[in-house]
Amino acid sequence: MGEDAVTNAVIKKILAHCSVDFEVISPLPARGGEIKSKIPAFNKLSEANPVILLMDLDNNGCAPQLLGQLAKEKNDNFIFNIAVDEVEAWLMADRDGFASYFKIKVEDMPSAHQTKQGGRKALTEMNFPYKSSMYLTHELIKKSKDSEYLQQLTPKKNAAKGPEYNSCIVPFVENAWNIENARRNSDSLNRMVLRIKNLLK
């Protein structure tokens, strides 16, 4: 389960990437603001069946620290993941695929860098000057050679996202996003892939 349609599409794509031998019993949509309060219930639910949760780090700074704060005691079947900094960063971590799909020069794509996430080891994540979803809609998509994508993803006045954001991004996730390419540029994505592969064993 995730915070929105794009996040849920990402979860389904990662599941399909890890194994074809699984069944989603029931997606449990929750608004972003509701997820934190429902974590104990999700953890309890995982006693009967595995539960997969994905949420954005946003401005919290440190994924492992946030994970520890929100799920101090977690069942093994509760696969709780945090995207650094948002799930959109995972999508753009497939730099070649994203650039090709949205008709952007690959050299205009953000790149990965080493960053500290509260541990001793530096981690690889995508580098954005501010929130990745906002960077996508306010700067990156303006470099697209496709006017339709530009129209779909550019926010109207006082809007956070473009008028057809989900209907534009979800097909990319389902049909073009290359997870193997993306996980090389995002350790937080790689951790989710490894957790799900281990669960599906």
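The values are calculated or read from the model by the stated rules, or taken from the named source; none is laboratory data. What you are looking at is a predicted structure, and each value in this text was computed from that prediction instead of being measured. All Cβ positions, glycine included, derive from the backbone under ideal geometry; neighbour counts span all protein chains shown.
If a residue has to be over 27 Å from ASN43 (Cβ atoms) and not hydroxyl-bearing (Ser, Thr, Tyr) to count, how many in segment 77-115 make the cut? Break it down into steps so the answer makes sense when it comes.
Of the residues in segment 77-115, the ones over 27 Å from ASN43 (Cβ atoms) are 91-115.
Now narrow it down to the ones that are not hydroxyl-bearing (Ser, Thr, Tyr): 91-99, 102-110, 112-114.
Number of matching residues: 21.
Return the residues of segment 103-155 that are closer than 26 Å to ILE82 by Cα and of a type in the set (Phe, Trp, Tyr); say none if nothing qualifies.
PHE128, TYR130, TYR135
Considering segment 1-24 alone, what residues qualify as being part of a loop (DSSP other than H, G, I, E, B), free of Cβ contacts under 8 Å to residues at least 40 places away in the same chain and hydrophobic (A, V, I, L, M, F, W, C)? If you could, list the steps in order and put the result at the bottom.
Quick first cut of segment 1-24, residues part of a loop (DSSP other than H, G, I, E, B) only: 1-4, 19-24.
Those still in the list that are free of Cβ contacts under 8 Å to residues at least 40 places away in the same chain too: 20, 23-24.
Matches in segment 1-24: VAL20, VAL24.
Restricting attention to segment 39-49, does a residue exist that is under 22 Å from LYS13 (Cα atoms) and part of a helix (DSSP H, G or I)?
Filtering segment 39-49 for residues under 22 Å from LYS13 (Cα atoms) gives 42, 46, 49.
Going one step further and asking which of them are part of a helix (DSSP H, G or I), we end up with 42.
Yes, segment 39-49 contains a residue that is under 22 Å from LYS13 (Cα atoms) and part of a helix (DSSP H, G or I).
Sort out which residues of segment 21-37 are modelled with pLDDT under 75 and farther than 15 Å from PRO50 by Cα, and write them in order of number.
PRO29, ALA30, ARG31, GLY32, GLY33
Please return the ranges of helices (runs of 4 or more DSSP H) entirely within segment 58-162 where 3 or more residues are surrounded by 15 or more Cβ atoms within 10 Å (Cβ to Cβ) and modelled with pLDDT of 95 or more.
Numbers: elements: 63-70, 87-92, 95-101, 132-138, 147-153.
Ranges flagged: 87-92, 95-101, 132-138, 147-153.
So the check is Cβ under 6 Å with 6+ separation or different chains; which pairs have a first residue in segment 154-177 that's more than 18 Å from MET92 (Cα to Cα) and a second one that's among the β-branched types (Val, Ile, Thr)?
PRO155/THR137
Look at SER188 and say whether it is part of a helix (DSSP H, G or I), small (Gly, Ala, Ser) and in contact with a helix residue (DSSP H, G or I) (Cβ under 7 Å, 6 or more places away or on another chain).
Against the criterion (part of a helix (DSSP H, G or I), small (Gly, Ala, Ser) and in contact with a helix residue (DSSP H, G or I) (Cβ under 7 Å, 6 or more places away or on another chain)), SER188 qualifies.
Examine segment 38-55 for a residue that is surrounded by fewer than 17 Cβ atoms within 10 Å (Cβ to Cβ) and at pLDDT below 80, and state whether such a residue exists.
The answer is no; no qualifying residue exists.
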